[in-house]
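The block underneath contains the structure these notes are about, expressed in structure tokens.
Bear in mind these aren't lab numbers, they're just calculated from the coordinates by the rules spelled out. The model shown is predicted, which means the values in this text are computed figures rather than measured ones. Backbone-built Cβ (ideal geometry, glycine too); neighbour counts: all protein chains shown.
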Amino acid sequence: MRRALTILFVPAFIMPAFAQNEIGPEGHKLVWVAVVIAVAGLLAFALMKAKSGSLHFGKPLFKRKKVRVELYKDRLYYPDALELTVTNTGNVDVDLDAPLLIFSSLWYSRKFRLKGTNNNRFYPLYLGVGQEHKLNIDLNRFYGFDKTLKRAPRVKIRVSEVTGKSLGHRKVLLRKTLFNV
């Protein structure tokens, strides 16, 4: 009889102890997680194929217009000439507008559009992938135009695309001052 009572009453006490109020995952959330994982997998696959070069559509998968702008001066202080070098490091061709030369000081700035050298106009300039363009800038021509530019301690070059999008800039110090040491 004891065994019969034990068999009858023990499950009655054990069952409520194991019973839990579990809330299962909602179905629409699982679907969204699966969609996000699938899209991430497809993007990773496409990027790997694009980097390996086996994905050929005739055009790059992602267009990246990127240029490297370098500005060198011939002397450390009070230079007479600057050399601008623009290199297309992106994966598509770029159409460059005339660079903007900015003389700046603490109180004023003066902007000049560089259209070419030696009476030759070659802007806008079409720069292919991996190509490089060099431009020598004689600062004495600007100093002859405006004598106050000799007091400007900084020169900045801004290179932009024909559509107006800025692609890069570089700044050099022409002389030391108390504020730019």
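In table form, for the structure just shown:
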{"read-out": "Highest average packing first - 164-173, 90-99, Cβ atoms within 10 Å", "value": "90-99, 164-173"}
{"read-out": "Nearest-0.05 FRET efficiency for residue 64 and residue 143, computed from C-beta distance (R0 35 Å)", "value": "0.35"}
{"read-out": "Computed E for residue 111/residue 46 - FRET, C-beta separation, R0 45 angstrom, nearest 0.05", "value": "0.55"}
{"read-out": "Residue 174 long-range amide H proximity, modeled H, under 5 Å", "value": "154, 155"}
{"read-out": "Two-site label geometry, residue 177 and residue 36: point separation in nm, points 7 Å out along Cα→Cβ", "value": "5.2 nm"}
{"read-out": "Computed label-point distance, nm, for sites residue 29 and residue 83 using a 7 Å Cα→Cβ extension", "value": "6.3 nm"}
{"read-out": "Distant-in-sequence amide H partners of residue 92 (H built 1.01 Å from N, under 5 Å)", "value": "64, 66"}
{"read-out": "Magnitude of the charge dipole, segment 67-173, Cβ model with Lys/Arg +1 and Asp/Glu -1, debye to 20", "value": "600 debye"}
{"read-out": "Over segment 67-173: Rg over Rh, Cα atoms, Kirkwood Rh", "value": "0.97"}
